[in-house]
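Enquirer: My questions all concern the structure below.
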Amino acid sequence: MKKRVLGICVIALAFSSIFAACKKNDDKLIVGTEAGFAPYEYMDGNKVVGVDMDIAQAIADHMGKELLIKNMDFDGALLAVEKGNVDFVAAGVSVDEKRAKRMDFSIDYVDSTEVVVVNKNNPAVTEATIEGLTGKIVGVQQGNIADLWVEDNVETEELKQYTKFAQAAEDLKNEKIDCVVMDQYPAEELVAANPELMILDGVLFEDKYAIAVQKGNKELLDEINTVIQKLKDEGKIEEFYANHTRKSK
């Protein structure tokens, strides 16, 4: 009987500890991101900053919580929100049907334009079209919408996936790949940091970015949508862009 009572006490204590831990973290909001996608998210010294982080901070402020930033690979961030290890992901996330089955998305907050980056001195690709990429070695960020789009639409010689665009830039400069497909704003930042590269004229495809939350987390999603709509209505997101486009160069 004593052993049973002791066991019940131990179980109660365990649940109490778990509850206390949950309660302790209730005042924190965890965002997952990948800080290699300026101006959306990038490193400023030891700090992760960017357009998405400004939006994330606005969400935390609105909810009266402390924002905690977890910097990880893009695919890892999406997996983390799917499993509930982070509250949401703000990382230039595009919405597609496959992702929408695994997680929920906010209203979009930016229109994304996808472009083609090539080696300036010896461009192996000359036009930003499906035909221009056909038979080429194309670099993308693993899990990014460009990765999915190229895989679905282009018959490449090879689709080379990177965790960081900086790695793709080095291979492109050394002519190990023929081009990189990526969002226009990060492409402009990449070219500014690597004058050996250039962006081809033209748009490959267009996209929209949103914030991802765990499937079924409607309460958080409603809070996020409220903040995003307010930021859009007040022109704040354009201000974030202007600020970080200057800072990250």
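The values are calculated or read from the model by the stated rules, or taken from the named source; none is laboratory data. Note that the structure is a prediction, hence the values are computed from the model and not measured. Heads up, the Cβs are rebuilt from the backbone with ideal geometry, glycines too, and the neighbour counts pull from every protein chain shown.
Enquirer: Sort through Val81, Val125, Val116 and tell me the only one that's among the aliphatic types (A, V, I, L, M), assigned to a strand (DSSP E or B), modelled with pLDDT of 95 or more and surrounded by 18 or more Cβ atoms within 10 Å (Cβ to Cβ).
Expert: Val116
Results for (1) more than 25 Å from Lys65 (Cβ to Cβ); (2) more than 19 Å from the chain's Cα centre (by Cα); (3) of a type in the set (A, V, I, L, M, F, W, C), shown as yes or no for each residue.
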site: Ile199; (1), (2), (3): yes, yes, yes
site: Leu204; (1), (2), (3): yes, yes, yes
site: Tyr209; (1), (2), (3): no, no, no
site: Val213; (1), (2), (3): no, no, yes
site: Glu219; (1), (2), (3): no, yes, no
site: Asp222; (1), (2), (3): no, yes, no
site: Asp233; (1), (2), (3): no, yes, no
site: Glu239; (1), (2), (3): no, yes, no
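Enquirer: Starting from the range 26-51, keep only residues that are more than 21 Å from Glu188 (Cα to Cα), then list their pairs with residues that are surrounded by fewer than 24 Cβ atoms within 10 Å (Cβ to Cβ) and among the basic types (Lys, Arg) whose Cβ atoms are within a distance under 8 Å, requiring at least 6 positions of separation or different chains.
Expert: Filtered contacts from the range 26-51: Asp27/Lys65; Lys28/Lys65; Leu29/Lys65; Ile30/Lys70; Val31/Lys70; Gly32/Lys70.
Enquirer: Which condition breaks for Glu97 when tested against (1) touching a strand residue (DSSP E or B) at 6+ places or on another chain (Cβ under 8 Å); (2) at pLDDT below 95?
Expert: With (1) touching a strand residue (DSSP E or B) at 6+ places or on another chain (Cβ under 8 Å); (2) at pLDDT below 95 applied to Glu97, the lone miss is (1).
Enquirer: Take Val203 and decide whether it is closer than 27 Å to Thr245 by Cα, in contact (Cβ under 8 Å) with a residue 24 or more places away in the chain and surrounded by 22 or more Cβ atoms within 10 Å (Cβ to Cβ).
Expert: When the stated conditions are applied, Val203 does not pass them.
Enquirer: Looking at the range 156-188 only, could you name the residues that are without any contact (Cβ under 8 Å) to a residue 40 or more places away in the chain and in a strand (DSSP E or B)?
Expert: Residues satisfying the conditions are Glu158, Leu159, Lys160, Gln161, Tyr162.
Enquirer: Would you mind telling me which numbered condition in (1) basic (Lys, Arg); (2) loosely packed, with under 12 Cβ neighbours inside 10 Å; (3) at pLDDT 95 or above Lys2 fails?
Expert: (3)
Enquirer: Right, next: Do the conditions hold for Gly64, that is, is it touching a His at 6+ places or on another chain (Cβ under 8 Å) and at pLDDT 95 or above?
Expert: Criteria not met by Gly64.
Enquirer: Shifting gears a bit: Based on what the data block shows, is Val191 touching a residue at least 40 places away in the same chain (Cβ under 8 Å) and closer than 19 Å to Pro123 by Cα?
Expert: Taking the combined requirement at face value, the residue satisfies it.
Enquirer: Take the residues of the range 100-113 that are more than 18 Å from Pro186 (Cα to Cα) and of a type in the set (A, V, I, L, M): which is modelled with the lowest pLDDT?
Expert: Per the criteria, the residue is Ala100.
Enquirer: Something else now. Would you mind telling me which numbered condition in (1) under 18 Å from the mean Cα position of the chain (by Cα); (2) outside the structural domain of Glu41 (by TED's automatic domain parsing) Glu157 fails?
Expert: If we test Glu157 against (1) under 18 Å from the mean Cα position of the chain (by Cα); (2) outside the structural domain of Glu41 (by TED's automatic domain parsing), just (1) comes out false.
Enquirer: Go over the candidates Gly135, Gly64, Gly84, Gly143 one by one and state the one that is at positive phi and under 16 Å from the mean Cα position of the chain (by Cα).
Expert: Gly143
Enquirer: Which of (1) under 18 Å from Val125 (Cα atoms); (2) touching a residue at least 12 places away in the same chain (Cβ under 8 Å) is the odd one out, the single condition Glu151 does not satisfy?
Expert: Result: Glu151 passes all but (2).
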